[in-house]
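A.B. asks: Take a look at this one; I'll ask things after.
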Amino acid sequence: MQTAALLIDLARLWLWAGAVVSVPFLLWGVGRVEPNARGAWIFRPLLIPGVLLIWPLVLWRWLVLETGRDDWAKRHLPPRRAHGFAALLLAVLIPLTILAGLAIRQAPPSGAPVLLAAPE
Amino acid sequence: MRARDEFFIGFFPIPPGLRPFLAAIAAALILLFAVAGWFAASTQAAPDEAGFRFDFGRQEVTGVLSLHPYPVIRVTEGSERLAAGRTVMLSGGGKFAPPQVAALDRRLVKAGGVILRRGDLDMLQIGGGERNLSAAEGDAPALSPPERLGRWRLEGEICDGKCAAGAMRPGRGLSHKACANLCITGGVPAVFVSAAPIEGATFLLMAGPEGGPLPPEALAFTAAYVSVEGEIERIGDLLVFRIDPATLRAL
């Protein structure tokens, strides 16, 4: 029960941090880093749920774009290069995880009931 | 254009060089998912015959209600499917105890609802409203006292009596555990599914050491195979397992 409560508290904290990030980003930040967003306001509330979830990525991309360190031509190269390896890794890891889960799960018990003390 | 430069576009005819490859991939995927489906299903226990018995129709019985450890009715006037003398566990809709039940403890009541049945485990799901659960005329008759059967060590699984009786197909793992714990904390009777029959019963109503509801520490052991010791007593035709939570041990 305590673990479940801790997980919920952590999720709540994460979402509140996202809410804090979403205010400056959607009011000012998105217009500064994305020219097409300037003067466009209606769509911005639609981004709130996404910002709540991936706010660290939002902050990182905001920082990269603000400081002019973004190189759009290279942006997708490293992930693309890793896709082949990731695909192979997942093809091995997913069956292994399933098989490990099946191997370590409990076997149904077969013990007969044991009378420890007869009724008084 | 060289063959290796052929490119698949959905709305154009398939390039000849890609046809064998696409056919092989399509056949392999169909085969892969069929095998994966068979494999996943083969790792699960058979659900057996259990569930809501709407085909029995609404059952209405009269009997003495007891809320300890969980709501049960000791039937004095039975119905077609629940004979007099039976002790039947009760639940409400969803993951809850029967509604408006607190004031009726130890009183003669009329209860109506639908049966859930798995093997020798019966549960009556009571709907809302007075039509389904209300005080009956007359005093509660004197019933036989619990018969003590001694202290036992059993192996099996702690489940909630409603899902185990067929409201759900009892599963395995974390979702099964969360489901069972929600039912039990909602007031649905907890049952012990014994690995082997004891006094002819596979399902025992569970109780805490003092005869109250299952102690909270036992919820950490639900939906897993465990060994546990406790006193067993017979109330009517129902076995009640008053566990000693200190002896709970995952197998």
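A.B. asks: When all C-alpha to C-alpha distances in segment A:1-71 are sorted into bins of 10 Å, what percent of pairs does each bin hold, rounded to whole numbers?
C.D. replies: 20, 43, 24, 10, 3
A.B. asks: Here's a follow-up. With a cut-off of 19 Å, note down the residues of segment B:82-113 whose backbone N falls inside the zone around a label point 7 Å from the Cα of B:D139 toward its beta carbon.
C.D. replies: Zone members listed by number: B:104-110.
A.B. asks: In addition: Relative to the longest principal axis of the C-alpha atoms of chain A, give the angle of the C-alpha long axis of helix A:77-104, reported between 0 and 90° and rounded to the nearest 10°.
C.D. replies: Between the helix axis and the principal axis of chain A, the angle is about 10 degrees.
A.B. asks: How far apart, in nm, are two points set 7 Å out from the Cα along the Cα-to-Cβ line at A:T67 and at A:V114?
C.D. replies: So the two model labels end up 6.5 nm from each other.
A.B. asks: So for A:V64, B:V191, fewest C-beta neighbours within 10 Å to most, what's the order?
C.D. replies: So the residues, fewest neighbours to most, are A:V64, B:V191.
A.B. asks: In addition: Kindly write out, for segment B:230-245 in residue order, the coupling ³J(HN,Hα) from the Karplus curve 6.51 cos²θ - 1.76 cosθ + 1.60 (θ = phi - 60°), rounded to whole Hz, with x marking Gly and Pro.
C.D. replies: x, 8, 10, 9, 9, 10, x, 10, 10, 8, 10, 10, 8, 7, 9, x
A.B. asks: With chain A treated as a Gaussian network of Cα nodes joined by springs under 10 Å, which of A:L77, A:L90, A:L47 yields the largest mean-square fluctuation?
C.D. replies: Fluctuation is largest for A:L90.
A.B. asks: Here's something else I'd like to know. Just to confirm a number: summing +1 for Lys and Arg and -1 for Asp and Glu over residues other than B:I115 whose beta-carbon lies under 12 angstrom from that of B:I115, what do you get? Don't jump to the answer; show the numbers that get you there.
C.D. replies: Working: positive: B:R53, B:R58, B:R81, B:R86, B:R117, B:R118, B:K162; negative: B:D55, B:E60, B:E80, B:D122.
Every neighbour counted, the sum reads +3.
A.B. asks: Suppose a student asked you for the relative contact order of segment A:1-71, using Cα pairs under 8 Å spaced at least 6 residues apart; what percent would you report?
C.D. replies: Normalised by residue count, the contact order of segment A:1-71 is 38 percent.
A.B. asks: Also, I was wondering about something else. Once each part is reduced to its C-alpha centroid, what is the distance from segment A:1-29 to segment A:64-96 in angstrom?
C.D. replies: The distance from the Cα centre of segment A:1-29 to that of segment A:64-96 comes to 26 Å.
A.B. asks: Under 10 Å, Cα contacts only: if you run a Gaussian network model on chain B, which one of B:A24, B:A142, B:A102 comes out with the highest mean-square fluctuation?
C.D. replies: B:A24
A.B. asks: Given N residues in segment B:86-133, what is Rg(Cα) / (2.2 N^0.38 Å)?
C.D. replies: Here the Cα radius of gyration is 1.11 times the empirical estimate.
A.B. asks: Okay, moving on. Would you calculate the separation in nanometres between label points at B:E6 and B:A40, each defined as 7 Å from the Cα along the Cα-to-beta-carbon direction?
C.D. replies: Distance between label points: 3.4 nm.
A.B. asks: Give, as ranges by residue number, the residues of segment B:11-44 whose backbone N falls under 19 Å from the point 7 Å along Cα→Cβ of A:L99.
C.D. replies: Residues B:32-44 fall inside that zone.
A.B. asks: Determine the shielding of peptide B:224-236 by partner chains: average, over its residues, the number of Cβ atoms on other chains within 10 angstrom of each Cβ. Mind showing how you got there, number by number?
C.D. replies: Numbers: counts 2, 6, 2, 3, 0, 3, 1, 3, 3, 1, 0, 0, 0.
So the per-residue partner count for this stretch is 2.
A.B. asks: Further question: Below 8 Å, C-alpha to C-alpha, sequence gap of six or more: please give me the relative contact order for segment B:147-250 in percent.
C.D. replies: Details: 207 pairs, mean separation 36.8, N = 104.
Over segment B:147-250, the number comes to 35 percent.
A.B. asks: Could I ask something else about it? Go ahead and set up a Gaussian network model of chain B, Cα springs under 10 Å, then flag whichever of B:I158, B:I184, B:I30 fluctuates most.
C.D. replies: Evaluated over chain B, the most mobile residue of the options is B:I30.
A.B. asks: Further question on the same structure: Evaluate segment A:8-120: find the radius of gyration of its Cα atoms, find its Kirkwood radius, and give the ratio Rg to Rh.
C.D. replies: On the Cα set of segment A:8-120, Rg over Rh gives 1.33.
A.B. asks: So for B:T202, B:T43, B:T87, fewest C-beta neighbours within 10 Å to most, what's the order?
C.D. replies: B:T43, B:T202, B:T87
A.B. asks: Right, here's the next one. Give, in nm to one decimal, the length gained when the segment between B:F54 and B:D105 is fully stretched (0.36 nm per residue of separation minus the Cα-Cα distance).
C.D. replies: Net length gain for the segment: 15.6 nm.
A.B. asks: Then there's this: Please compute the average number of Cβ atoms from other chains found within 10 Å of each residue's Cβ in peptide B:148-154.
C.D. replies: Working: counts 3, 3, 6, 7, 5, 6, 5.
Other-chain Cβ atoms within 10 Å of each residue's Cβ, averaged: 5.
A.B. asks: Could you give the angle, 0 to 90 degrees to the nearest 10, between helix B:19-42's Cα long axis and the longest principal axis of the Cα atoms of chain B?
C.D. replies: Taking Cα atoms only, the helix is inclined about 20 degrees.
A.B. asks: Relative contact order for chain A: what is it in percent, counting Cα pairs under 8 Å that are at least 6 residues apart?
C.D. replies: 23 percent
A.B. asks: Take every Cα-Cα distance within the protein assembly as shown, group them into 20 Å bins from 0 onward, and report for each bin the whole-number percent of pairs it holds.
C.D. replies: In whole percents, the pair-distance histogram is 21, 36, 28, 15, 1.
A.B. asks: Please rank A:T3, B:T222, fewest neighbouring Cβ atoms within 10 Å first, as an exposure proxy. List each step's numbers first, then the result.
C.D. replies: Numbers: A:T3 7, B:T222 22.
Starting with the residue having the fewest Cβ neighbours, the order is A:T3, B:T222.
A.B. asks: So how strong a dipole does segment B:151-251 carry about its Cα centre when Lys and Arg Cβ are +1 and Asp and Glu Cβ are -1, to the nearest 20 debye?
C.D. replies: For segment B:151-251, the charge dipole is close to 340 debye.
Where a number appears in this text, it was derived from the coordinates with a stated rule and is not lab data. Since we're looking at a predicted model, the values are computed, not measured. Positions of Cβ are generated from backbone atoms using ideal geometry, with glycine treated the same way; all protein chains shown enter the neighbour counts.
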